[in-house]
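Contents: one structure, followed by commentary.
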Amino acid sequence: GAGVSQSPSNKVTEKGKDVELRCDPISGHTALYWYRQSLGQGLEFLIYFQGNSAPDKSGLPSDRFSAERTGGSVSTLTIQRTQQEDSAVYLCASEGGSTALGYTFGSGTRLTVV
Amino acid sequence: AQSVTQPDIHITVSEGASLELRCNYSYGATPYLFWYVQSPGQGLQLLLKYFSGDTLVQGIKGFEAEFKRSQSSFNLRKPSVHWSDAAEYFCAVAPISGGYNKLIFGAGTRLAVHP
C-alpha cells in the first residue's frame, strides 16, 4: 500500500485479556519496527524485523509481549494478560533499505486497558 | 549508551515568531540524525534528516536543522511559525552503519502556537 497501515486504530480491553495489534507495512519494505508511546513519553523501541533474519526483541518489556511477521510482510504484536501499564499508543514503522532513509510510521493503535 | 535529550518539554510561541527546538545526543561517533513531527492522533512524519555533508539541512514545511559536532546538537528551527505547526516534535538518532538500525528517540517537545 501507499503507507503503513495499523489496525485497530483504537482498542479498549479488560485487564487480563489478550490483544493482537496488526501492522501492514509499505509493500517491499523489508524492515519493520514496533515502538510504544506512553502518555507524555517518548518512543520506546520494542522489536524489529529485518528481512528473513532473526528479529531483534531486545525492547520487549516482558514475556507477555510477542510479535511475528508472516511472509516478510504483515506483522502482529500480541500482548497476553494485559495490564493497565500496557495502555499506550503502539506505533509500527517500516523502511526499505537503510535507516538513513528514515522510517515511515503508521498512525498507531491506541490501547486502553481497563 | 546512545541517548537523545530534548531539554524543553513544552514550548509556546506566537504565530509568526521564530522557533528553535533543542536536541542533544550522546553517541561515540556522529550518528544519523532525524526530526519527526507528530500531530494529534497521527503517526510520526519525517521532517528532515542528516547523515553527512552540509551541516544545515532543509526539511519540509519550512523547517531546517543545524548539526553542530562540537556541541553534539541538532537543533530544529523555523523562521516564522504557523498555527498548523502546533504538534509534538521528536529528535532521533541511529548509528551510522550499513543497513538497518533502530532509532533512539528523545522524549519530545510539545509546541503550542498562540494566534
message: Please list, ordered by chain and number, the residues whose modelled amide H lies under 5 Å from the amide H of B:Ala87; skip anything fewer than 5 residues away on the same chain.
response: B:Leu111
- request: Output ³J(HN,Hα) for region A:44-53: one whole-Hz value per residue in order, computed from phi by the Karplus curve 6.51 cos²θ - 1.76 cosθ + 1.60 with θ = phi - 60°, and x for Gly and Pro.
  value: 9, 5, 10, 7, 9, 10, 10, x, 9, 6
- request: Quick one: which residues, 5 or more positions from B:Ala17 or on another chain, have an amide H under 5 Å from its amide H? H modelled 1.01 Å from N in the peptide plane, none for Pro or chain starts.
  value: B:Val81
query: Taking θ as phi - 60°, what are the ³J(HN,Hα) couplings along region A:28-33 by the Karplus curve (6.51, -1.76, 1.60), each to the nearest whole Hz, with x for Gly and Pro?
result: x, 6, 8, 9, 9, 10
- prompt: A:Arg81 to A:Leu101: extension gain in nm, 0.36 nm per residue of separation minus the Cα-Cα distance?
  reply: 3.6 nm
For region B:8-105, projected area of the alpha-carbon convex hull averaged over all directions, nm²: 6.7
query: So, counting K/R as plus one and D/E as minus one, what does the shell of residues with Cβ under 13 Å around B:Leu48 add up to?
result: +1
Between region B:11-42 and region B:53-115, the Cα center-to-center distance that results, in Å: 4
task: With the Cα gyration tensor of the protein assembly as shown in hand, give its eigenvalues times 5 under a square root as the equivalent ellipsoid semi-axes, listed largest first in whole angstrom.
output: 29, 21, 16
message: Just to confirm the filter: which chymotrypsin sites (Phe, Trp or Tyr not before Pro) across region A:7-114 are DSSP coil and have at most 13 other Cβ within 10 angstrom of their Cβ?
response: none
task: Output ³J(HN,Hα) for region B:30-38: one whole-Hz value per residue in order, computed from phi by the Karplus curve 6.51 cos²θ - 1.76 cosθ + 1.60 with θ = phi - 60°, and x for Gly and Pro.
output: 5, x, 5, 10, 9, 10, 10, 10, 10
statement: The residues B:Lys49, B:Lys61, sorted from fewest to most surrounding Cβ atoms within 10 Å, come out as B:Lys61, B:Lys49
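Restricting to chain B, compute how many DSSP beta bridges are antiparallel as a %, nearest 5. Each step should come with its number before you reach the end.
Values: 33 of 38 bridges.
Here the antiparallel bridges make up roughly 85 percent for chain B.
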Label zone at B:Thr5 (point 7 Å along Cα-to-Cβ), backbone N below 19 Å, region A:42-59: A:42-43
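Using a/c under 1.5 as the rounded threshold, could you call chain A rounded, prolate or oblate? The axes a ≥ b ≥ c are square roots of the C-alpha gyration tensor eigenvalues, and prolate needs a/b larger than b/c, oblate otherwise.
Numbers: a/c = 1.77, a/b = 1.63, b/c = 1.08.
Judged from the Cα gyration tensor, chain A comes out prolate (a/c at least 1.5, a/b above b/c).
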field: Pair B:Leu56, A:Arg64: separation of 7 Å Cα→Cβ label points (nm)
entry: 5.1
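Values quoted throughout were computed directly from the atomic coordinates according to the rules given, and no laboratory measurement underlies them. Predicted, not measured: the structure shown is a model, and the values here were computed from it. Reconstructed Cβ throughout: ideal geometry from the backbone, glycine too, with neighbour counts over all protein chains shown.
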